[in-house]
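The structure under discussion appears below in the form of structure tokens.
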Amino acid sequence: MSSDGLFDLPSAPPKTGGGSLADSGHEHAPLAVRMRPTSLPELLGQEHLLAEGSPLRRMIDDDQPMSLLLWGPPGTGKTTIAALLSAHTGRRFVEVSAVSAGVKEVREVLAAARQDLAHGGRETVLFVDEVHRFSKAQQDALLPGVENRWVSLVGATTENPHFAVISPLLSRSLLLTLQPLTEDQLGELLERARVDERGLAAAVELDDEARDHLVRLSGGDARRALTYLEAAASAAQARGLETIDVETAALAVDRAAVRYDRKGDQHYDVTSALIKSIRGSDVDAALHYLARMVEAGEDPRFLARRLVILASEDIGLADPTALTTAVAASQAVAMIGLPEAQINLAHAVIALSVAPKSNAVVKAIGAAVSDVRAGKIGPVPPALRDAHYKGAESLGHGHDYRYAHADPRGVAPQQHAPDVVADQEYYTPSDHGDEAAIGERLSKIRAILRDG
């Protein structure tokens with residue numbers, strides 16, 4: 001089975017077929033293969049791609065030649081979409097894997113497709129799994145077939161095509177982004193597989209806690225969910241059970257069932273403990289709570305957002321790199337996803353835990369907002385007002401403005417705030433980390449501004 005996920009066809013490059021998926025679900029095939037959708041309505045997820053009027057749906061319904069790049073994480077149905085497209089349009093389906101195929105194989109497929117067209121044969125859908133693994137030369141070999149429409153190319157990739165696919169191929173293809181399946185969709189998939197004759201044919205029951213455990217561990221990957229269900233069903237039958245309970249599911253997939261309700265008390269309690277552990281500089285406790293949340297299937301984007309907030313709220317300028325680290329971890333989560341992104345999250349958690357702490361930033365903005373809400377909103381000093389339009393000078397705008405760069409100290413004596421808050425000092429640096437040096441500099445700046 002190819003690396004895309006749930007509904008992938010067995011990889012044997014090049015593989016040809018008539019666009020039918022019916023032969024892939026024989027009784028000895030893995031559950032993920034037996035449950036492969038045979039029609040578009042069976043496909044769970046990716047509604048944004050298959051909605052009426054969408055580019056992909058128009059291509060399918062209107063039977064148009066096409067070149068597609070399907071970008072998404074494993075188990076989201078990239079290979080299935082390609083095979084269903086072939087089946088619905090009556091095109092011949094040919095699959096090559098970028099892991100094992102070379103330029104020679106690609107050219108042979110294109111030559112055969114061109115010959116078929118020349119003799120009035122069927123058009124061909126060429127599916128290239130993991131197209132990002134093709135070298136530049138191998139991707140270049142695809143261009144004649146795409147440009148001349150000898151084939152309808154469908155390339156699948158888990159990597160960002162803007163970096164992994166050559167520009168000429170990218171510009172000639174419609175890029176479609178696939179999303180991980182939601183928890184509800186994975187739950188529906190597991191139940192369908194449990195009762196469907198192609199699946200487990202209702203041979204076992206699946207209790208709610210076990211289902212939730214399998215869904216959380218699947219991380220949006222449909223193939224992984226079905227693989228886990230098959231293993232759990234086998235374990236239940238081996239133990240003489242009619243129902244898959246959470247203990248059996250945990251045993252089958254060798255992952256402890258972490259009691260964690262993403263919408264209930266555990267979610268808020270563990271999140272609170274993570275933040276307070278980082279704030280308290282207890283790196284070991286923080287890593288424990290991070291691991292609990294990751295193992296329980298918490299959305300890594302939620303974790304990343306909390307770390308970005310904490311970087312300013314609890315560290316601020318005591319370590320100016322804290323926010324940069326947290327934002328970088330958030331971007332890494334978006335690009336990579338779990339499980340690898342747990343390393344980036346751990347990197348950020350450790351850095352934020354050991355960083356010097358200060359809540360001066362959050363106190364500063366809180367005090368400023370409080371004054372504004374209390375009505376302390378005076379007019380902008382005339383020297384600071386916009387003086388670029390005609391007539392501004394006659395109003396006194398910009399008059400006596402002191403240009404900071406003209407002062408050798410880089411700071412010019414001048415009032416910037418409205419009179420009503422002219423003496424307020426919202427930001428009070430701590431003496432922790434870099435903020436101690438910032439405090440010394442700030443004292444000198446304020447002295448210059450007010451006293452010259």
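Quick one: putting +1 on the C-beta of Lys and Arg, -1 on the C-beta of Asp and Glu, what dipole do you get for the chain around its Cα centre, in Debye to the nearest 20? Don't jump to the answer; show the numbers that get you there.
Working: 46 positive and 62 negative charges, 260 e Å.
Using Cβ point charges on Lys, Arg, Asp and Glu, the chain gives about 1240 debye.
Using only the Cα atoms of the range 15-177, what semi-axes does the equivalent ellipsoid have when each is the square root of 5 times a gyration tensor eigenvalue? Give whole Å, largest first.
Working: eigenvalues 100, 67, 57 Å².
Output for the range 15-177: semi-axes of 22, 18, 17 Å.
Between the range 262-340 and the range 79-119, what is the C-alpha centre distance in whole Å?
45 Å
Could you check how many percent of all C-alpha pairs in the chain are farther apart than 27 Å?
Values: 67480 of 101926 pairs.
When every Cα pair of the chain is considered, 66 percent fall beyond 27 Å.
Could you tell me the calculated FRET efficiency between Glu425 and Phe302, based on Cβ-Cβ distance and R0 = 25 angstrom, to the nearest 0.05?
Values: r = 36 Å, r/R0 = 1.43.
Calculated value: 0.10.
Under a crude label model (7 Å from the Cα following the beta-carbon direction), how far is Glu147 from Lys276 in nanometres?
So the two model labels end up 6.5 nm from each other.
Between the alpha-carbon centers of the range 127-189 and the range 201-232, tell me the distance in whole angstrom.
29 Å
Packing-wise, with mean Cβ within 10 Å as the measure, how do 163-174, 281-292, 124-135 rank, highest first? List each step's numbers first, then the result.
Values: 163-174: 15.4, 281-292: 17.0, 124-135: 23.8.
Order by mean packing, descending: 124-135, 281-292, 163-174.
How much net charge surrounds Ile377 when only other residues with a Cβ under 13 Å from its Cβ are counted (Lys, Arg +1; Asp, Glu -1)? Please report the intermediate quantities before stating the final value.
Details: positive: Arg373, Lys376; negative: Asp371, Asp419.
So the environment of Ile377 carries a net charge of 0.
Rounded to the nearest 0.05, what FRET efficiency do Ala51 and Ala137 give with R0 = 41 Å and r taken as the Cβ-Cβ distance? Could you check?
Working: r = 37 Å, r/R0 = 0.91.
The value I calculate is 0.65.
Rounded to the nearest 500, what is the 222 nm mean residue ellipticity of the chain from helices alone, with -39500 (n - 2.57) per DSSP H run of 4+ residues and division by all residues?
-14500 deg cm²/dmol
Calculate the spin-label point distance for Glu295 paired with Phe163, positioning each point 7 Å from the Cα along the beta-carbon direction, and give it in nanometres.
Inter-label distance under the simple model: 3.0 nm.
Fully extended, how many nm does the chain gain between Ala404 and Ala29 (0.36 nm per residue separation, minus their Cα-Cα distance)? Walk me through the numbers on the way to the answer.
Values: separation 375, 0.36 × 375 = 135.00 nm, distance 7.43 nm.
Length gained between Ala404 and Ala29: 127.6 nm.
Can you give the FRET efficiency to the nearest 0.05 for His288 and Ser39, using r as the Cβ-Cβ distance and R₀ = 30 Å? Walk me through the numbers before you get to the answer.
Details: r = 46 Å, r/R0 = 1.55.
Result of the calculation: an efficiency of 0.05.
For the charge dipole of the chain, defined by +1 on Lys and Arg C-beta atoms and -1 on Asp and Glu C-beta atoms about the Cα centroid, which residue among Met59, Leu43, Ser167 has the Cα displaced farthest towards the positive pole?
Ser167
What distance in nm separates the simple spin-label points at Leu170 and Ile336, each placed 7 Å from Cα in the Cβ direction?
2.1 nm
Amide H to amide H under 5 Å from Gly155: which residues, 5+ apart in sequence or cross-chain, H placed 1.01 Å off N in plane?
So Gly155 has HN proximity to Leu68, Leu69, Leu70, Val128.
Gln115: net charge of surrounding residues, Cβ under 14 Å, Lys/Arg +1, Asp/Glu -1, itself excluded? The partial results should precede the final answer.
Values: positive: Arg92, Arg107, Arg114, Arg122; negative: Glu108, Asp116, Glu123.
Neighbour charge sum, excluding Gln115 itself: +1.
Counting Lys +1, Arg +1, Asp -1, Glu -1, what net charge surrounds Lys357 among other residues with beta carbon under 14 Å of its beta carbon? Before the final figure, lay out each step's value.
Values: positive: Lys276, Arg279, Lys363; negative: Asp282, Glu313, Asp314, Asp319, Asp431, Asp434, Glu435.
Net charge around Lys357: -4.
Once you have the Cα-Cα distance between Ile365 and Ser100, take 0.36 nm times their residue separation minus that, and quote the gain in nm to one decimal.
Taking 0.36 nm per residue and subtracting the Cα distance, the gain is 89.7 nm.
Working out 0.36 nm times the residue gap between Leu384 and Glu205, then minus their Cα-Cα distance, what length gain in nm do you get to one decimal?
57.2 nm
Only counting other Cβ atoms within 10 Å, I'd like Thr158, Thr76 sorted with the fewest neighbours first.
Values: Thr158 20, Thr76 29.
With the fewest neighbours first, Thr158, Thr76 line up as Thr158, Thr76.
Bear in mind these aren't lab numbers, they're just calculated from the coordinates by the rules spelled out. Model, not experiment: these values are computed from the prediction. Neighbour counts are summed over all protein chains in view; Cβ atoms, including those assigned to glycine, are modelled from backbone coordinates with ideal geometry.
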